[in-house]
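The structure under discussion appears below in the form of structure tokens.
Throughout, read-outs are computed from the coordinates displayed, never taken from laboratory work. Please read all numbers here as calculations on a predicted model, not as lab measurements. Every residue, glycine as well, gets a Cβ built from its backbone with ideal geometry; the counts of neighbours run over all protein chains shown.
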Amino acid sequence: MPRRKPRHVRLTEPLVRENGELRPASWDEALERAAAGLRGVPSDAFGMFSCSKATNEMNYTAQKFSRVVMGSNNVDSCNRT
């Protein structure tokens, strides 16, 4: 079982960077900023690498996100080695 960080050092709310500093934000704002950042990435510049320790469902979701959302076929995994 993976070790968890003590509760006092875990994030409890989303943070966004503004003027070089992190500040608390709503989930809507944080997700919109993340989506805006991903929208600016050309499909040929995006790649997804997944892990053999992830479930089949997680690996499927990762490749689906890469192909459908990001428009990239740059998907790889250590499963094939």
- Query: Got the relative contact order for the chain handy, in percent, Cα pairs under 8 Å and 6 or more residues apart?
  - Reply: 23
- Can you tell me the dipole magnitude for the chain around its Cα centre, using point charges on the Cβ only (Lys, Arg +1; Asp, Glu -1), in Debye to the nearest 20? 500
- Note on the structure: With only helices counted (DSSP H, runs n ≥ 4, each -39500 (n - 2.57)), the per-residue ellipticity at 222 nm for the chain, to the nearest 500, works out to -8000 deg cm²/dmol
- Item | Kirkwood Rh in Å, taken over all unlike Cα pairs in the chain | 15.3
- Query: Amide H of Ser77: which non-local residues (sequence gap of 5 or more, or other chain) have their own amide H closer than 5 Å, using H built in the peptide plane?
  - Reply: Ser50
- Item | Estimated inter-spin distance, Arg39 and Arg17, nm [label 7 Å along Cα→Cβ] | 2.0
- Item | Exposure rule at most 13 other beta-carbon atoms within 10 Å, DSSP loop trypsin sites (Lys or Arg not before Pro): the chain longest free segment | 11-52
- Extension gain from Lys53 to Ser77, taking 0.36 nm per residue of separation minus the Cα-Cα distance: 7.6 nm
